[in-house]
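Here's the structure, in structure tokens; my notes come after.
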Amino acid sequence: MNYIAPSTRATMSLLGSPLVANIAGETVALPPHEMPGEIEWWVEVLKWHVRKTFYFLASVPPSERIEKLLQVEQSLVSKSQFHTLEAQAVAEAALVSIQDVSDEDVANLTKARKLIDDQLATEWSALVSRYTKIILGEEPAEDAANVGPGDALVSSGDE
């Protein structure tokens with residue numbers, strides 16, 4: 001996902017480098033201001049990442065969780081372009097949640113991994129759709145709060 005926060009878009013616009021997204025083969029200028037529904041959508045993206053990280057931690061032996069969690073946090077910053085504070089919040093929320101789960105429940109989560117992965121993929125697709133609608137200025141469906149981010153390719157337009 002290549003999400004660019006409103007503050008970054010505004011800064012780049014003021015510097016003379018407005019940002020664009022490629023949506024379904026079309027180049028769309030991203031506004032330099034917050035789009036309606038954008039912040040609520042981003043909160044859902046963060047929650048989705050907490051769930052994904054929680055399920056990942058369930059598959060890792062407890063003795064390795066902190067090390068793996070630090071790797072997840074680093075990946076969120078370096079590959080997904082999360083702000084450091086956002087990545088830390090995702091990691092901490094997932095860690096607190098997994099610590100409250102019994103060994104038996106962790107084993108059951110591991111058994112249900114395919115179902116969980118399918119559900120996460122469905123939720124992600126919905127988030128992608130929702131973000132695309134936000135960029136295009138379309139009114140999201142009422143159930144869009146249950147889904148999340150755009151695989152829109154975002155660039156400075158200088159490529």
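Ranking Val106, Val96 by Cβ neighbours within 10 Å, fewest first, what do you get?
Least to most surrounded, the residues fall as Val96, Val106.
Give the lysines whose C-alpha is closer than 23 Å to that of Lys133, dropping any in the same chain fewer than 8 places away, or say none.
List returned: Lys47.
Ile4's amide H: which non-local residues (gap 5+, or another chain) put their own amide H closer than 5 Å, with H modeled 1.01 Å from N in plane and none for Pro or chain starts?
none
Based on DSSP H runs of at least 4 residues, each adding -39500 (n - 2.57), what is the mean residue ellipticity at 222 nm of the chain after dividing by all its residues, to the nearest 500 deg cm²/dmol?
-19500 deg cm²/dmol
Mind checking the dipole of the chain: about its Cα centre, +1 per Lys or Arg Cβ, -1 per Asp or Glu Cβ, Debye to the nearest 20?
Approximately 300 debye in magnitude.
Read phi for every residue in region 27-43 and hand back ³J(HN,Hα) as whole Hz from Karplus 6.51 cos²θ - 1.76 cosθ + 1.60, θ = phi - 60°, with x for Gly and Pro.
So the Karplus estimates, Gly and Pro as x, are 8, 10, 6, 7, x, x, 10, 5, 8, x, x, 5, 5, 4, 4, 4, 4 Hz.
Residue by residue through region 107-119, which ³J(HN,Hα) values in whole Hz follow from phi under the Karplus form 6.51 cos²θ - 1.76 cosθ + 1.60 (θ = phi - 60°), with glycine and proline marked x?
Coupling constants for region 107-119: 4, 5, 5, 4, 5, 9, 4, 4, 4, 5, 4, 5, 5 Hz.
Whose amide H sits under 5 Å from the amide H of Leu19, counting only residues 5 or more places off or on another chain, with H placed in the peptide plane?
For Leu19, whose amide H was placed from the backbone, the distant partners under 5 Å are Leu30.
No value in this document is a laboratory result; all are computed from the given coordinates. It should be emphasised that the depicted structure is a prediction, and the values quoted were computed from it without experimental measurement. Neighbour counts run over all protein chains shown; Cβ positions are idealised from the backbone, glycine included.
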